[in-house]
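Everything on this sheet refers to the single structure shown next.
The values are calculated or read from the model by the stated rules, or taken from the named source; none is laboratory data. Keep in mind that this is a model prediction, so the values were computed, not measured. Note that we place each Cβ from the backbone using ideal geometry, even for glycine, and neighbour counts take in every protein chain shown. Each accessible area value is taken on the protein alone, full model and side chains, heavy atoms only, with ligands, DNA and RNA left out. Shrake-Rupley method; radii C 1.70, N 1.55, O 1.52, S 1.80 Å.
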Amino acid sequence: MTESQEKLDEGRKDLIIGNWKMHHTHLEAIQVIQKLSYRLDLADYERVDVGVAPPFTALRSGQTVIEADRLPIHLGAQDTHFAESGAFTGEISAPMLAKLSVRFVIVGHSERREHFGEDDALVNQKAKAVLAAGMTPVVCVGETLEIRESGDTNEWVTGQVAGAIKGIEDLSKLVFAYEPIWAIGTGRTPSTDDAAGVIDVIRAALGDAGDVVRVLYGGSVNAGNIADFMAKRTIDGALVGGASLDPDSFASIVRYWV
Ligand code: PEP
């Protein structure tokens, strides 16, 4: 049996998501999604679930092009507020995202934790809000270089997972992304053995759900290294930042086996 077949038997189809961060206007987003779709065919989508997470301002355009062209591309958001509605100037709620056909929402990205002070309790509230609105939370966890060098990565990541899942009964609807902070946007990556080892720690922290939850790797993934990560049975896909902005580069990552 191939590794992909084993993953599928456990209900874990490969998933590769582009996180565009604060890049691409709505017009650029339309072009990138269309160009990406020209480079992918049905066999690719059968093998890999493909997602893009544009900025909020491009979600409506993304929805329009995906629906008009009937593209099997999953639309995602990069964040949400935890409340359904209310006096939270500047914020966007999960039900608002769901109305735009958003399928997944990234929560707890390290850039939100670092620049916007998000902690595990807030990540947990956001994950619950995303689930309540019928979407998939993609929960990011990962250590700083300091934590890695002090040998505390496994403990740190286990704590982040425990904080994120508190009070969530059905964990099977979550996706996790292991993103070592020192690997994001730096061109540095852990060895594939290291990444797989931490991902196994994440699975252990998920208890019985550990075998069925999809866990991605993220951090300087590109067309040259994706196949090595995907060769690890425990790694179900990738969360890709910089290399997802260009449709050629992202399509090569999605078609990593070619
Ligand atoms: C990210 O922002 O989630 C990410 C992994 O970025 P990059 O691929 O650019 O390292």
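Below is a table of values for the structure above.
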read-out	value
Rounded accessible area per residue of the chain, 1.4 Å, Å²	45
Kirkwood Rh in Å, taken over the chain so that all alpha-carbon pairs contribute	18.1
Label point distance in nm, K99-T57, each placed 7 Å from Cα along Cα→Cβ	2.1
Scattering profile of region 2-94 at q = 0.14, 0.15, 0.19, 0.24 Å⁻¹ [log10 I(q)/I(0), Debye over alpha-carbon scatterers]	-0.61, -0.68, -0.93, -1.18
Relative packing of peptides 13-22, 64-73 - highest average C-beta neighbours within 10 Å first	13-22, 64-73
Distance from region 53-90 to region 136-181 (C-alpha centre basis), Å	24
Entries of K99/K126; K7/K166; K128/K232; K13/K99; K7/K99 with Cα pairs more than 28 Å apart	K128/K232; K7/K99
Sites A209 and T186, calculated FRET efficiency, Cβ-Cβ separation with R0 35 Å, nearest 0.05	0.65
Stokes-Einstein D (µm²/s) once Rh is taken as the Kirkwood radius of region 138-182 over alpha-carbon pairs, at 25 °C in 0.890 mPa s	220
Cβ-Cβ FRET estimate between E149 and D228, R0 fixed at 35 Å, reported to 0.05	0.90
Volume per residue of the C-alpha convex hull in region 147-258, rounded to whole Å³	103
Carbon plus sulfur fraction of accessible area for the chain, probe 1.4 Å, in percent	51
